[in-house]
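Peer 1: Structure below; questions to follow.
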Amino acid sequence: MDFDFSFYLLLATVVTGIVWGGYLLILKSQGQVFDEKNEPILVEYARSFFPIVLIVLMLRSFIAEPFRIPSGSMMPTLLVGDFILVNKFTYGIRLPVINKKIIELNEPQRGDIVVFRFPKEPSIDYIKRVIGLPGDKVVYKNKELTVNDQPVNQISMGRYQGVGQGEDMTGAEELLENLTGIEHSILIRNGIASVEFSYVVPEGSYFVMGDNRDNSNDSRYWGYVPEANLVGKAFLIWMSWDWQDKGVGFSRIGTILK
């Protein structure tokens, strides 16, 4: 088991709940009435923090979880320094920490931007776009995608102008890609070699790629994402801060991801 923030949040909820609840039970067994003035300092802290950590745990585990984008692998859709919200119930309700699904809901679709636990190092969260569903045949050749023998349409949008920490991508070609009805921009660098492959996605798994096609560590290099590794679907940029650009990207705040 990976002891991440969710584990410590759950631990804090359990400990504060036990301390506060245990104190109330002791008072009841002794026939005493709760009085804040005579409350031990430890119990006071537990009583104050328990509802806070419980609410945060519930929201973060079952509703939405915030993430910060640390790399440019999803440019131009997501920039370094973007803060996003991830819907935690879209693909089913999972118990915190152990990540066991208890309620089945929707399944990922092609074009979804998903956060998942990296299969080779589950303590690390990755974010990529779903390209192939279970059973799909995905072919990548000459930097062009084919899914189930159908070419994925790409329209050139000209040269990309990077900003801040993504400035090194200036000059890359920006393409508007239509992935079975989901339009999104991608970046490629002509002249840079790229891995080519033909791949059939196993059942219960997903094939993912970054929108920054020549600068993304994705399924082309390490394989598929098991369904059990899914964390949720990214849906909103709620803040954007680039230390190199020295400012808040107000124009990106509130952007709906697709």
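Peer 1: Is it the case that some residue within the range 20-37 is closer than 14 Å to LYS233 by Cα and surrounded by 15 or more Cβ atoms within 10 Å (Cβ to Cβ)? It would help to see each step written out before you state the result.
Peer 2: Taking the range 20-37 as the starting set, the residues that turn out to be closer than 14 Å to LYS233 by Cα are none.
No, the range 20-37 has no match at all.
Peer 1: Picking from VAL56, VAL115, VAL97, which residue would you name as being of a type in the set (Val, Ile, Thr), under 25 Å from PHE7 (Cα atoms) and out of contact with any Phe, Trp or Tyr (no Cβ under 7 Å at 6 or more places or on another chain)? Don't jump to the end; show me each part of the working.
Peer 2: On the way: VAL115 fails: out of contact with any Phe, Trp or Tyr (no Cβ under 7 Å at 6 or more places or on another chain); VAL97 fails: out of contact with any Phe, Trp or Tyr (no Cβ under 7 Å at 6 or more places or on another chain).
Among VAL56, VAL115, VAL97, only VAL56 is of a type in the set (Val, Ile, Thr), under 25 Å from PHE7 (Cα atoms) and out of contact with any Phe, Trp or Tyr (no Cβ under 7 Å at 6 or more places or on another chain).
Peer 1: What are the residues in the range 55-85 that are in a helix (DSSP H, G or I), surrounded by 17 or more Cβ atoms within 10 Å (Cβ to Cβ) and of a type in the set (A, V, I, L, M), if any?
Peer 2: Within the range 55-85, just LEU57 meets the criteria.
Peer 1: Here is a follow-up. Do you know which residues across the range 1-40 are over 22 Å from ILE55 (Cα atoms) and part of a helix (DSSP H, G or I)?
Peer 2: LEU25, ILE26, LEU27, LYS28, SER29, GLU36, LYS37, ASN38 - these are the residues of the range 1-40 that are over 22 Å from ILE55 (Cα atoms) and part of a helix (DSSP H, G or I).
Peer 1: Shifting gears a bit: Please count how many residues of the range 108-128 are at pLDDT below 95 and small (Gly, Ala, Ser).
Peer 2: 1
Peer 1: Now, a different point. Filter the range 74-117 for residues that are among the hydrophobic types (A, V, I, L, M, F, W, C) and under 11 Å from the mean Cα position of the chain (by Cα); which is farthest from PRO226 (Cα to Cα)? Break it down into steps so the answer makes sense when it comes.
Peer 2: Here is the first cut: in the range 74-117, the ones among the hydrophobic types (A, V, I, L, M, F, W, C) are 74-75, 78-80, 83-86, 89, 93, 95, 97-98, 102-103, 105, 113-116.
Restricting the remaining residues to those that are under 11 Å from the mean Cα position of the chain (by Cα) gives 83-86, 113-116.
On the way: PHE83: 25, ILE84: 23, LEU85: 22, VAL86: 18, ILE113: 15, VAL114: 12, VAL115: 12, PHE116: 9 Å.
Looking at the filtered set, the residue picked out is PHE83.
Peer 1: Checking PRO70 against (1) at negative phi; (2) touching a helix residue (DSSP H, G or I) at 6+ places or on another chain (Cβ under 9 Å): exactly one of these is not met. Which one?
Peer 2: (2)
Peer 1: Among all residue pairs at least 6 apart or on different chains, which show Cβ distances below 9 Å where the first residue, located in the range 179-199, is over 15 Å from GLY132 (Cα atoms) and the second is of a type outside the set (S, T, N, Q) and modelled with pLDDT under 90?
Peer 2: Filtered contacts from the range 179-199: GLU183/LYS258; HIS184/LYS258.
Peer 1: Quick one: in the range 242-258, of everything that is in a strand (DSSP E or B) and surrounded by fewer than 17 Cβ atoms within 10 Å (Cβ to Cβ), which residue is modelled with the highest pLDDT? Full working, then the answer.
Peer 2: Just the residues of the range 242-258 that are in a strand (DSSP E or B), to begin with: 242, 247-248, 256.
Retained after the next criterion (residues that are surrounded by fewer than 17 Cβ atoms within 10 Å (Cβ to Cβ)): 247-248, 256.
Details: GLY247: 79, VAL248: 88, ILE256: 95.
The extreme case among them is ILE256.
Peer 1: Looking at the range 230-258, I want the residues that are free of Cβ contacts under 8 Å to residues at least 12 places away in the same chain and have a partner that is of a type in the set (Gly, Ala, Ser) with Cβ atoms under 7 Å, at least 6 apart or on another chain. Which pairs are those?
Peer 2: Hits for this filter: VAL248/SER240.
The values are calculated or read from the model by the stated rules, or taken from the named source; none is laboratory data. Predicted model only: the values in this text are computed from it and were never measured. Virtual Cβ from ideal backbone geometry, glycine too; neighbours counted across all protein chains shown.
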